[in-house]
Amino acid sequence: MKRMLTLLLFLGISQVIFAQQDEKKPAYKIFSIYFGGGSHYIDQEQIDNLYKFLDEIPEVDSHEISIHGHTDNIGGLQYNQWLSQMRSQNSIQVLMDKGLRSEMMSVHDFGQLNPLFDNNTWEGRQKNRRVDIIVWPPIQ
């Protein structure tokens, strides 16, 4: 089942957002992995923080996970789509290394087409270079 959501991100390097959509829908949790310009490398500190985030979710292996890959607007459209896909693939590998199954994951690579922050500023571009890992609880 495809779910629609509005992502709310705050300033910082690695952030976790807990959001309640409404009383009838379950809360989802978001963890963002940030990348250097043109990079799809995930450093060990971010991996450790992601694993801590996942360890705090009871029965995380019964949840759905959406991976949303993003880039800034530096480089061409085709290159940024590829970079977004590489970031997502590396994120999936990190999740699988943690023991999560690929069948529970869906991937949406936006490249440069869905910026949340202003790509005309250095800070905005830095925040757009990310993969958002959205963890949905099972539907009761």
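Computed from the coordinates by the stated procedures, all read-outs in this text should not be read as laboratory data. For clarity, every value in this text was computed on a predicted model and none was experimentally measured. Don't worry about glycine lacking a Cβ; one is built from the backbone with ideal geometry, like all the others, and counts go over all protein chains shown.
Under a point spin-label approximation (7 Å from Cα along Cα-to-Cβ), what is the Arg101-Gln44 distance to one decimal in nm?
About 3.1 nm separates the two model spin labels.
Arrange the following residues from fewest to most other Cβ atoms within 10 Å of their Cβ: Arg101, Arg87.
The most exposed by this proxy come first: Arg101, Arg87.
Give, as ranges by residue number, the residues of region 53-68 whose backbone N falls under 15 Å from the point 7 Å along Cα→Cβ of Leu116.
66-68
Out of residues 5 or more away from Val107 or on other chains, whose amide H comes under 5 Å of its own, with H placed 1.01 Å from N in the peptide plane?
Excluding prolines and chain starts, which carry no amide H, the hits are Ile67.
Could you line up Trp136, Trp82 from fewest to most neighbouring Cβ atoms inside 10 Å?
Arranged by neighbour count, lowest to highest, Trp136, Trp82 become Trp82, Trp136.
For region 26-136, what relative contact order do you get, as a whole percent, if you take Cα pairs closer than 8 Å and at least 6 residues apart?
45 percent
What residues have an amide H closer than 5 Å to that of His40, excluding those fewer than 5 places away on the same chain, when H is modeled at 1.01 Å from N in the peptide plane?
none
Could you work out how far apart the two model spin labels at Asn73 and Gln89 are, taking each label as a point 7 Å from the Cα in the direction of the beta carbon, and quote it in nm?
2.7 nm
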